[in-house]
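Reviewing the structure listed below.
Every number here is computed from the coordinates shown, using simple stated rules; none is lab data. Values in this document were obtained by computation on a predicted structure and should not be read as measured data.
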C-alpha cells in the first residue's frame with residue numbers, strides 16, 4: 001500500500017530536500033511502522049521527530065488524513081491505504 005507523507009520545509013533538510021515522500025509499505029501499517037520506514041532511510045529525520053524512547057517529541061504533531069494521532073491511538077494509529085500523513089514540527093520564537 002502507498003502512503004504519502006507531507007513534511008514541512010523545516011524537516012525537509014533531513015529527507016534530501018523533499019517535502020513529500022511516498023512510501024510503499026505492507027498492510028496493515030501504523031504510524032510507528034511508517035516512522036520506522038522513514039527512519040531506515042533518514043536517521044536524522046527520526047532523531048528530530050522521536051526521542052530516545054521512540055515517543056514523539058513534544059513539539060512534533062502527526063496527522064493521518066487530518067486527524068491528530070494524539071487524539072486517536074498515538075503511534076499505534078492505523079494508517080489506511082492511500083492515506084496522507086502530515087508531520088508538523090512546531091517553531092518557537094520571539
### Message
For the chain, I need the span (max minus min coordinate) of the C-alpha atoms along each principal axis, in Å, sorted largest to smallest.
### Response
41, 29, 25
### GNM top mover of 30, 53, 19 - the chain, alpha-carbon springs below 10 Å
53
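So what is the relative contact order for the chain, in percent, with contacts set as C-alpha pairs under 8 Å and at least six apart?
38 percent
Going by a ≥ b ≥ c, the root eigenvalues of the Cα gyration tensor, does the stretch 1-54 fall in the rounded group (a/c under 1.5), the prolate group (a/b larger than b/c) or the oblate group?
Numbers: a/c = 2.18, a/b = 1.19, b/c = 1.83.
In terms of gyration-tensor shape, oblate.
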#### Entry: For the chain, calculated [θ]222 nm from helices alone, where every DSSP H run of n ≥ 4 adds -39500 (n - 2.57)
-6000 deg cm²/dmol
### Message
Could you tell me the center-to-center distance, by alpha carbons, between the stretch 1-33 and the stretch 38-93 in angstrom?
### Response
10 Å
